[in-house]
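Below is one structure; the comments refer to it alone.
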Amino acid sequence: MTRSHRQIAAALLEDHGTTYAHQAGIRLADKPSLLYRLLVLATLLSTRIDADIAVAAARELSAAGFRTPQRMLDATWQQRVDALGRGHYRRYDESTATRLGDGAQLLLDTYRGDLRSLRSAGDGPQGVLERLQDFPGIGPTGAAIFVREAQGLWPELAPFFDRKALDGARRLGLPEDPETLDTLIDPADRARLAAALVRAALRKVRPADLTGEDCADRPNGPSGS
């Protein structure tokens, strides 16, 4: 039995629907410290490095206590390098340690350490995306990562499915239009679906690879047709 788009989306959420923030131990809420940790995660995910390593590095930075821009700035460059190294983020550890310090200073100077002020100044999704790119190490990819994950907190950004997420939709035969994708899920699952679609693109997931609750629709299990 062929799955509907809704069934594919539901199975994808069940198999791959963990946000990168959740994976990094960030219980995301509209609070300055948690939003800052998401910005750090987006910075780490922006480099050409395995996502799991970036997530591990974000966890190490958090464990070291660098959970606010002031704490990040107060840390020495070497302390930031060491925390990144413990997360095996070694190829870009020195340059990223510098960027994190510079980004923390920018956040404090421009927004008093509170990304909610960036939201207010951004004047809509495009403005938020552009202002995020003022931070060292955050280009279009990093800004998209932040917005993908934050759209559940800042509804004016939603629905947001960037190019990488839409690549995943294409692989799975799902609509490649964000508004149409949004109709397949509960609005509360937007960030989860975006993360799941990115994983589908990176891991080359096919519809036949998905299990999910409706795997009984296919008599032969996950590999059936």
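Data for the structure
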| read-out | value |
| --- | --- |
| Matching entry among 116, 148 (being touching a residue at least 12 places away in the same chain (Cβ under 8 Å), in contact with an Asp or Glu (Cβ under 8 Å, 6 or more places away or on another chain) and either farther than 25 Å from residue 48 by Cα or of a type in the set (A, V, I, L, M, F, W, C) (or both)) | 116 |
| The range 39-52, residues that are part of a helix (DSSP H, G or I) and under 18 Å from residue 101 (Cβ atoms) | 39, 40, 41, 42, 43, 44 |
| Residues of the range 163-198 classified as within 14 Å of residue 51 (Cβ to Cβ) and either surrounded by 20 or more Cβ atoms within 10 Å (Cβ to Cβ) or in contact with an Asp or Glu (Cβ under 8 Å, 6 or more places away or on another chain) (or both), total | 7 |
| Members of the range 15-70 that are in contact with a helix residue (DSSP H, G or I) (Cβ under 8 Å, 6 or more places away or on another chain) and polar (S, T, N, Q) | 18, 19, 23, 43, 46, 47, 62, 68, 70 |
| Members of the range 71-95 found to be exposed (fewer than 15 other Cβ atoms within 10 Å of the Cβ) and either touching a Leu at 6+ places or on another chain (Cβ under 8 Å) or in contact (Cβ under 8 Å) with a residue 60 or more places away in the chain (or both), listed by number | 90 |
| The range 150-159, subset open to solvent by 10 Å² or more (accessible area, probe 1.4 Å) and part of a helix (DSSP H, G or I), residue nearest to residue 186 (Cα to Cα) | 155 |
| Extreme residue, farthest from residue 20 (Cα to Cα), among residues of the range 187-203 that are more than 13 Å from the chain's Cα centre (by Cα) and not charged (D, E, K, R) | 187 |
| Residue within the range 93-112 that is outside any helix (DSSP H, G or I), modelled with pLDDT of 95 or more and touching a helix residue (DSSP H, G or I) at 6+ places or on another chain (Cβ under 7 Å) present | no |
| Residues of the range 17-32 that turn out to be part of a helix (DSSP H, G or I) and either more than 16 Å from the chain's Cα centre (by Cα) or more than 23 Å from residue 62 (Cβ to Cβ) (or both), as a count | 1 |
| For residue 128: the one exception among (1) open to solvent by 10 Å² or more (accessible area, probe 1.4 Å); (2) assigned to a helix (DSSP H, G or I); (3) in contact with a helix residue (DSSP H, G or I) (Cβ under 7 Å, 6 or more places away or on another chain) | (1) |
| Positions within the range 162-196 being over 17 Å from residue 46 (Cα atoms), part of a helix (DSSP H, G or I) and of a type outside the set (D, E, K, R), in sequence order | 166, 168, 169, 178, 180, 181, 187, 188, 191, 193, 196 |
| Any hit, the range 57-67, residues being without any contact (Cβ under 8 Å) to a residue 12 or more places away in the chain and either open to solvent by 50 Å² or more (accessible area, probe 1.4 Å) or more than 28 Å from residue 85 (Cα to Cα) (or both) | no |
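Residues are listed down the side, and each one gets a yes or a no for (1) at pLDDT below 95; (2) among the aromatic types (Phe, Trp, Tyr):
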position: 143; (1), (2): no, no
position: 160; (1), (2): no, yes
position: 170; (1), (2): no, no
position: 176; (1), (2): no, no
position: 188; (1), (2): no, no
position: 197; (1), (2): no, no
position: 219; (1), (2): yes, no
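The values are calculated or read from the model by the stated rules, or taken from the named source; none is laboratory data. The structure presented is a predicted model; accordingly, all values stated were derived computationally and were not measured. Here the Cβ is made from the backbone with ideal geometry for all residues, glycine too, and neighbour counts use every protein chain on show. Side chains are part of the model used for accessible areas, which takes the heavy atoms of the whole protein and leaves out ligands, DNA and RNA. Shrake-Rupley method; radii C 1.70, N 1.55, O 1.52, S 1.80 Å.
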